[in-house]
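J.: Sharing a structure below in structure tokens format, with a few things to ask.
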Amino acid sequence: MEGIQAVFSIEENNMNLAIKKLAVAVAIIGSGAAAQAQVIDIGVLTDIGDYTHELTFAAGAQINDTWNFSLDGGNNQFFGVLSKINNRQASSIGNFAATLFGPNGATAWTYMSTNKSQILSYDGALSSGAYSLVVTGLAGTIGGKYAIEMNASADPIPEPETYAMFLAGIGLIGTIARRRSKNQA
């Protein structure tokens, strides 16, 4: 009888081990298709100037990345581009989109696509403040990566000498107009 119990005990242990192995395998497979949600804090983009970075995603992954940055210096000229890196069609990103959230609301980036490339871009003026760029999509069957490039530069602030020359010019024009009105009288 003890021999039979030992056999059942061994079979039960083997079954428990098989279930554990199956659970680990399912977890590993499931993690490949899990949602990718990364939050990247860039800092003050007007201080950095040019910013470039790449993110890798697994096959079938749901992409939902957030890029946080801020702009200083009043009005800023901003340029940003996202591009899929991989010329294979199977690496395409379904519903690839980017939306910039900031002090003035939300702005969708422009989408361009060719046979094997996908590009999102935005070019325009942005005021100073905190921004979040949310990138979404569904990875293709082989995964891959996308690159982000951003640049922001503050509009130039005139030097004090510029203001002095401006005021001197206005004063000179005023003096000339006054002399003309005296001569005509």
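J.: For residue 122, work out the one condition from (1) in contact with a strand residue (DSSP E or B) (Cβ under 6 Å, 6 or more places away or on another chain); (2) over 30 Å from residue 55 (Cβ atoms); (3) among the hydroxyl-bearing types (Ser, Thr, Tyr) it doesn't fulfil.
T.: (2)
J.: Can you pull out every residue in the stretch 111-169 that is over 18 Å from residue 37 (Cβ atoms), modelled with pLDDT of 85 or more and among the β-branched types (Val, Ile, Thr)?
T.: 119
J.: Output the number of residues of the stretch 113-129 satisfying the condition of being surrounded by 12 or more Cβ atoms within 10 Å (Cβ to Cβ) and assigned to a strand (DSSP E or B).
T.: 11
J.: Turning to a different aspect of this structure: Scan the stretch 43-55 and give yes if some residue there is at pLDDT 85 or above, touching a strand residue (DSSP E or B) at 6+ places or on another chain (Cβ under 7 Å), in the same structural domain as residue 94 (by TED's automatic domain parsing) and on the phi > 0 side of the Ramachandran plot, otherwise no.
T.: yes
The values are calculated or read from the model by the stated rules, or taken from the named source; none is laboratory data. Computed from a predicted structure; not experimentally measured. Here Cβ is always computed from backbone atoms with ideal geometry, including for glycine, and neighbour counts include all displayed protein chains.
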